[in-house]
1. Please give me, ordered by residue number, the GluC sites (Glu not before Pro) of region 268-329 that lie in loop per DSSP and have at most 14 other Cβ atoms within 10 Å.
2. At a threshold of 8 angstrom on Cα-Cα distance, excluding pairs fewer than six apart, so keeping six or more, what relative contact order does region 86-224 reach in percent?
3. With 10 angstrom as the radius, rank SER317, SER722 by how many other C-beta atoms surround their C-beta, starting from the fewest.
4. Could you let me know the centre-to-centre spacing of region 289-303 and region 607-630, using Cα atoms, in angstrom?
5. Taking a threshold of 30 Å on the Cα-Cα distance, which of the pairs LYS392/LYS697; LYS492/LYS697; LYS61/LYS697; LYS567/LYS704; LYS441/LYS501; LYS235/LYS492 fall above it?
6. GLU182: net charge of surrounding residues, Cβ under 14 Å, Lys/Arg +1, Asp/Glu -1, itself excluded?
7. Measure nothing but the geometry: give the 0 to 90° angle between the long axis through the Cα atoms of 144-156 and the longest principal axis through the Cα atoms of the chain, rounded to 10°.
8. Take the Cβ-Cβ distance between GLU487 and CYS644 as r, set R0 to 25 Å, and report the resulting FRET efficiency rounded to the nearest 0.05.
Amino acid sequence: MKLIYFRRKKIRIELYCSWSKQTKLEKSVRLLRVLGQRLNVRMSTGSPGVLVQRINYASGKNEWKMMPEDYDYTQELARAAFADMLHDEERNRLYREGLVAAIRKIKERGDTVRVLDIGTGTGLLSMMAAVEGVDSIVACEEFRPMAECAARVVEENGFKDHIKIIRKRSTELTVGPGCDLEERANILVTEVFDTELIGEGAIGTYNHANQELLSQDRIVVPGIARMFAQAVSCKKASEWSRLRSIELDPVKKAKRRSTGGGGSGDTEQGGRIHIEDNHTINNLMLHDVQLSELDETLFTPLSPPTQVFHFDLACRSAPIPTKETTQNRFEAINSGECTAVFMWWDCFTDPDNQILLSCAPKWIHHDPKNMPWRDHWMQAIYYPQSEIKVTKGDSLLLTSNHDEYSLTFDVNHENTTPLAVPHVDLPMCRTRLGAVNNQYKNNQYTQAILQILSERSPSRILALSDQSLLGLTVAKLSSARVTVVQENSRMKDILFNIAQKNDLVDRLEFVSDLEEVSGEYDLVVADPFYSVSVLPWHNLLFWFQTNFLKDKGIVTDSTCILPGAFKLWVLPVHYQHVWKIRAPLYNIQGFDMKHFDKIIEKACENCDNNVEPQPLWEYTSIALGHPLQVARFNLSEQIPEKSCLFTGQIQVEDHQHDLNGLAVWCEWTLVPGITTSSGPTRTPCIGEKVHWTMDSKQGVHFFKTPNRTTSAIEYDICFNRSDGDFVFNFVI
């Protein structure tokens, strides 16, 4: 079992488990890379280093690059972003208060105080114990770079002789004279939680520690954890969970009114692509979000917040169950369709259960005016087996399950037997599913396609990009023969079955690779998305594909390309909180963290691009200037033989907020006047919050030093033809 890091929290991967814990596209790419590194691949020449697998966005294929031997660790260290967790001042303070209370209670009993710190990280919790004058402290850390960091931080703060650091996981610790622990500890302080509370293996860690490493009179910090759930009606959540029918009528009718009649495909359009409600993403796939950033107009509570699990982390009466089911009955407080269950947890850090650390969203938080911002613990959305209709006052049953690592929830009417509906598991991430379900975007595409069909009568159409229903849409809107390129065999089968149910099979041909495409095409369409892409502009792979087809004579000068143009945009912003994931700590709770800052900064410089993907709808940002188009490509033209350099200045007009970053996104012009965007959903206003699309990530650049006086940012942005990616350089 290996710990690897995504989105600033640890995700535990078991080689024998499914990919259900991997909810973000880049997690899949990252996992492949880490597994490749773990094979200890070396160049046949015997050169030192490790071969790292990387995606070439010009080809969509994996390539290998030689990196230093410690690349694996520095990459993990950079991405772990422990700084985000350590910037959580409330967490630090409440853990310290709980630890001090536990130490005081042991001392009042007249006992020696023996502290065990599991997963010590930087050694912060151990140093908190050390200043209280405890008798012994053992801190274990299995992640080697952090164990080395902890040893240095502990030494620089003067606690080298007080804290014993063991470079092992806790389940490997030994107890007895001359062993890792001379005797069992009577205080355990640990933070092994994630958004799901138990996803990092907390149950196994606590059960083993209580049975093998701790005394009978132990105090555990924190000692109690509680999990809460709330059933809601949320259309947006449903779009992240189930594939929906694509409505064509709104745009069709507008087109008919504007043209005074039908287009080339009017007789067979039928108004929609019908999709049965059982096409879903596996409900074990964690969907972690910043629920406090979800506009409260987007959901309707159906149940009150309900405690569904209670965890005794000290295992007083018995070990924590590795499998557990609870059922909570409630009366629906509103009417709606139950599409999701929101989940969060809290814990008490002191022995008397008075110091509460809560991850609740703002609408139910016990202190909403002083809520901390944290990204290492968020909230999560879970999806019931079926979406039932609920009327206010209905008697309902919330069923909650957990195993050792995962959670599931379901909601049904009381005294009814849930129907076992077979589901079709979609090979998509939730963000991509949201984009496929986005009716506004689908309307834009439908309108653009109808415009092209009214201007020409293509007989052969080629549909590119992954995980897209656009080929079916084109077949529905026209009488042309449509070839759909879909590499994923599972997705290809799903598209074929949907085509069958919509009587489209006779117009469609499915192929798995561009090499299988032959003949000439009048129209090439794409909803640019590729499973290898991490940032929105990586989907320029579409441009490379059309150029490849031009070289083969399949796409000619007369072929219409949709989308026809690509634009790259940049916006200067003030990030309210997310900057903390890359910000130095300096001093935490009175402890010097300069060494930690130094190694994290070095790891990020060695491993990270300076523009990274983030779902900005979850992270408040204030516009400090107007959006600036910094690059544009005509996708009907040949890709330039050499790399393209774009230079200029980005104006900063708001000086009331710190300039601490830039947001970067792309826009696709389908036909003149009709576009889709991975950026703001409305024109940003200077000094106001930016509203971002929820169905795509954006690029984020952080400035190391915030600035409130600069009036412009210089940029040079290079589009590298060889790998299909941009290299960004921004200077204040």
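1. In loop regions of region 268-329 (DSSP not H, G, I, E or B), the sparsely surrounded GluC sites (Glu not before Pro) are GLU276.
2. With pairs under 8 Å counted, the relative contact order is 24 percent.
3. Listing SER317, SER722 from fewest to most nearby Cβ atoms yields SER317, SER722.
4. Between the Cα centre of region 289-303 and that of region 607-630, the gap is 23 Å.
5. Violating the 30 Å Cα-Cα cut-off are LYS392/LYS697.
6. 0
7. 50 degrees
8. Once the sixth-power term is evaluated, E becomes 0.35.
Bear in mind these aren't lab numbers, they're just calculated from the coordinates by the rules spelled out. All figures in this text were calculated on a predicted structure; none of them were measured in a lab. Positions of Cβ are generated from backbone atoms using ideal geometry, with glycine treated the same way; all protein chains shown enter the neighbour counts.
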